[in-house]
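Undergrad: Quick one: the structure is below, questions incoming.
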Amino acid sequence: MNKETPQIGSILARVNGPADLKGLGINELKALAGELRARIIEQVQKSGGHLAPSLGVVELTLALHSVFNCPQDQIVWDVGHQTYAHKLLTGRRDRFHTLRQYKGISGFPRRAESPFDSFDTGHSSTSISAALGMAVAKRLQKGEGKVIAVIGDGSLTAGLAYEGLNQAGDMDEDLIVVLNDNGMSIAPNVGAISTFLSRALSGKAYQTFRKDVERFLRSVPGFGADLLDFARRSEESFKAFSTPGMLFEAFKFNYIGPVDGHRLDRLMETFSYVAKLEGPILVHVLTKKGKGYSPAEENPAHFHGVGALKPKSKEPQPQAPPTYTEVFGRTMVELAQSDERILALTAAMPEGTGLQPFAEAYPQRFFDVGIAEQHAVTFAAGLAVSGFKPVVAIYSTFLQRAFDQVVHDVCLTGLPVVFALDRGGIVGEDGATHQGLLDLSFLRCVPGLNLLAPADENELRHMLHTALQRGEPVALRYPRGKGLGVSLEEPLQILPWGKAELRRRGKDIVMAGIGAGVNVCQEAAEALAQRGVEAAVINARFVKPLDEELICGAAGECGCLVTVEENVAAGGFGSAVLEALARRGQTGVKTRCVAVQNTFVEHGSQAELRKAHGLDPEAVAAAASELMGQS
């Protein structure tokens, strides 16, 4: 990145809040835009983060804060991963070096972090509904100020956005929606709305017609300037039929645009005008994701979220094991070769879920539904009821949005849908909105849904194969990041259903782990062995159905049991084991459930967060020693 990073100047150093923008001229604001981009690129090189989204809205952010008076005027950023410039302009410049780091500032808006963050976000398509609630509250409380929702075109693929638009227009509420249209979510947008936006705005016929009319009017002797001014003012009514104005006017929004999202003068002029209006207004802004950094402009999907830039080493590096995501994707392709009924679905994340190779190999059997997790699940149910084997690949934290569909449309009738839940457990720097720490609990309670978690990447292969042969609803949950480096050469096999695996024998205490917790148990057992403690280790494999015979039987023999999981304690794997012990009358077994306690886990590295929440081998070994009464 370094060779194209612009130089950081001095204007940003004088901006301690949005009020400091009011006295800057347009040329200074343009220079400030360059400084903001330079600072964002510099920091993302160090800490990783959402680069392309934040670079694309620099001018938009400057214009909003220059015209409106925040925090009295409230801005709700949809998703919130594009708010790096916003953070730099709202008093967090001196803390920006802590971005996404443990105990540092979040990569998303956080009300606890700043009064300029009016709503906590992290998932898409929530901004309009939240902003509408805030606008109604201002009216009821007779408060001052505007409420602005900034939503990307990718977020318009989710139904929640239209539910908000529908009510806002019907109520005729005082609300400004800024549509940030860059033609992208994470991957290129899909669906009829995206097609309509791009067709209406970039169609050659409209652009050619507009230029021809301008040339003609300029040529009229004596009246050219007046006619051109009249035409430009009248253009809004024409655009209502030739651009998305038609769509948003149907929701009773006053449509303004499209506006070049990188022309500060046009943006500020538009927002100054809009600030004086009342009622629901939609301002359509055209931006380029990754603006100002050519690699991100050319490949915005790759630079959507990037890791820290690591210094190059001249020493040969050992080949890293593949990620769980990559192994899942490869296995899907392998299984699909011999079974034409296997289909793959994702919600706007073909690359993030590892399904891009499947999409390329089997384009007719791959479906990207956009940011619409609810639709993805019910769509899969329709495929399953018709004889197919759909695999729905969704990040753990995003499946929360489709809980009703999992219950009502899949599990109630026992349809054979496989849910591939990536990013289960501690995720890391994206923070509380993205940690996959609730899935074992909210899925375990659903009747008829089987719940599995592999201990390593090879077991993931076998579990996916097993799940697709089962003919029942199955959720398969696996972590973010690299695998353990185990061999992936053995042929796929069907695992014994509902059976755990005894990985280490021991007479003093049993440690039962699920998923990533298994390796933690094994390392903890090694540490205990150095102290003369013989610890048995069980790879549970199944949260549901639970192997009660092995886990509870071993616990009864030793008298002490520790369970380990990267999930909240309430209702998770440990709870399932405690319930089993209670059913079997084994009340004399001493137990300890190592899990995340009743809290949301903030941002930080996976290692830091595991240590902070007692999920590392040292903490598990200490918990086992304490349970056995050792110091």
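Undergrad: Cβ-Cβ under 6 Å, sequence separation 6+ or interchain: first residue in the range 156-170 and farther than 17 Å from D181 by Cα, partner in a helix (DSSP H, G or I) and at pLDDT 90 or above. Which pairs?
TA: From residues that are farther than 17 Å from D181 by Cα, the pairs are G164/I128; G164/S129; G164/L132; A168/L132.
Undergrad: Now for a different question. Looking at this structure, is A380 in a loop (DSSP other than H, G, I, E, B), buried (at least 20 other Cβ atoms within 10 Å of the Cβ) and out of contact with any Ser or Thr (no Cβ under 8 Å at 6 or more places or on another chain)?
TA: Answer is no for this residue.
Undergrad: If you scan the range 38-58, which residues turn out to be surrounded by 24 or more Cβ atoms within 10 Å (Cβ to Cβ) and not hydrophobic (A, V, I, L, M, F, W, C)?
TA: Listed by number, the residues that qualify are H50, P53, S54, G56.
Undergrad: For E297, which of the numbered conditions (1) at pLDDT below 90; (2) in a loop (DSSP other than H, G, I, E, B) fails to hold?
TA: Failing condition for E297: (2).
Here's the yes/no breakdown for (1) under 30 Å from the mean Cα position of the chain (by Cα); (2) surrounded by fewer than 23 Cβ atoms within 10 Å (Cβ to Cβ):
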site	(1), (2)
A475	yes, no
Y478	yes, no
G485	yes, yes
L492	no, yes
A516	yes, no
R541	yes, no
C558	no, yes
L561	no, no
E565	yes, no
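Undergrad: As an exercise: evaluate L345 against (1) aliphatic (A, V, I, L, M); (2) more than 30 Å from I494 (Cβ to Cβ); (3) modelled with pLDDT of 90 or more; (4) not assigned by TED's automatic domain parsing to the domain that holds I26 and give the number of the one condition it does not meet.
TA: (2)
Undergrad: Moving on to the next point. Looking only at residues that are in a helix (DSSP H, G or I) and aliphatic (A, V, I, L, M) in the range 543-556, which one is surrounded by the fewest Cβ atoms within 10 Å (Cβ to Cβ)? Give the steps one after another, and end with the answer.
TA: Taking the range 543-556 first, the residues in a helix (DSSP H, G or I) are 548-556.
When the remaining residues are screened for being aliphatic (A, V, I, L, M), the result is 550-551, 554-555.
On the way: L550: 18, I551: 22, A554: 23, A555: 27.
Checking each candidate, the answer is L550.
Undergrad: Look at the range 337-372 and say how many of its residues are within 19 Å of G154 (Cβ to Cβ) and assigned to a strand (DSSP E or B).
TA: Counting residues in the range 337-372 that are within 19 Å of G154 (Cβ to Cβ) and assigned to a strand (DSSP E or B) gives 5.
Undergrad: So V486 ticks every box in (1) assigned by TED's automatic domain parsing to the domain that holds N567; (2) not in a strand (DSSP E or B) but one. Which box is left unticked?
TA: (1)
Undergrad: State yes or no: is L282 assigned by TED's automatic domain parsing to the domain that holds A361, at pLDDT 85 or above and either closer than 22 Å to G354 by Cβ or surrounded by 14 or more Cβ atoms within 10 Å (Cβ to Cβ) (or both)?
TA: So L282 does not fit the description; no.
Undergrad: From the list V577, V533, V510, V537, pick out the single residue that is assigned to a loop (DSSP other than H, G, I, E, B), surrounded by 15 or more Cβ atoms within 10 Å (Cβ to Cβ) and over 28 Å from the mean Cα position of the chain (by Cα). So that I can check it myself, show each step before the final result.
TA: Numbers: V577 fails: assigned to a loop (DSSP other than H, G, I, E, B); V510 fails: assigned to a loop (DSSP other than H, G, I, E, B); V537 fails: assigned to a loop (DSSP other than H, G, I, E, B).
Answer to the check: V533.
Undergrad: Hey, among the residues in the range 451-506 that are hydrophobic (A, V, I, L, M, F, W, C) and touching an Asp or Glu at 6+ places or on another chain (Cβ under 6 Å), which one's nearest to Q522 (Cα to Cα)?
TA: Filtering the range 451-506 for residues that are hydrophobic (A, V, I, L, M, F, W, C) and touching an Asp or Glu at 6+ places or on another chain (Cβ under 6 Å), the one nearest to Q522 (Cα to Cα) comes out as L484.
Undergrad: Please state which of the following conditions V589 fails to meet, knowing it meets all the rest: (1) closer than 26 Å to F442 by Cα; (2) surrounded by fewer than 21 Cβ atoms within 10 Å (Cβ to Cβ); (3) among the hydrophobic types (A, V, I, L, M, F, W, C).
TA: (1)
Undergrad: A follow-up question, please. Go over the candidates L64, L132, L88 one by one and state the one that is assigned to a helix (DSSP H, G or I), under 25 Å from V601 (Cα atoms) and in contact with a helix residue (DSSP H, G or I) (Cβ under 8 Å, 6 or more places away or on another chain).
TA: Working: L64 fails: under 25 Å from V601 (Cα atoms); L132 fails: under 25 Å from V601 (Cα atoms).
Matching residue, one of L64, L132, L88: L88.
Undergrad: Among (1) outside any helix (DSSP H, G or I); (2) in contact with a helix residue (DSSP H, G or I) (Cβ under 8 Å, 6 or more places away or on another chain), where does A524 come up short?
TA: A524 satisfies all of (1) outside any helix (DSSP H, G or I); (2) in contact with a helix residue (DSSP H, G or I) (Cβ under 8 Å, 6 or more places away or on another chain) except (1).
Undergrad: A further question follows. Taking interchain pairs and intrachain pairs at least six residues apart, which have beta carbon atoms under 8 angstrom, with the first residue in the range 486-499 and among the β-branched types (V, I, T) and the second part of a loop (DSSP other than H, G, I, E, B)?
TA: V486/P321; V486/D456
Undergrad: Considering L464, L502, which residue is at pLDDT 95 or above, surrounded by fewer than 23 Cβ atoms within 10 Å (Cβ to Cβ) and either under 28 Å from G629 (Cβ atoms) or in the same structural domain as R341 (by TED's automatic domain parsing) (or both)?
TA: L502
Undergrad: Which of the residues spanning the range 583-631 are hydroxyl-bearing (S, T, Y) and assigned to a strand (DSSP E or B)?
TA: At the first step, the residues of the range 583-631 found to be hydroxyl-bearing (S, T, Y) are 587, 591, 599, 605, 625, 631.
Matches in the range 583-631: T591 only.
The values are calculated or read from the model by the stated rules, or taken from the named source; none is laboratory data. Since we're looking at a predicted model, the values are computed, not measured. Ideal geometry is used to build each Cβ from the backbone, glycine not excepted, and the neighbour counts take in all protein chains shown.
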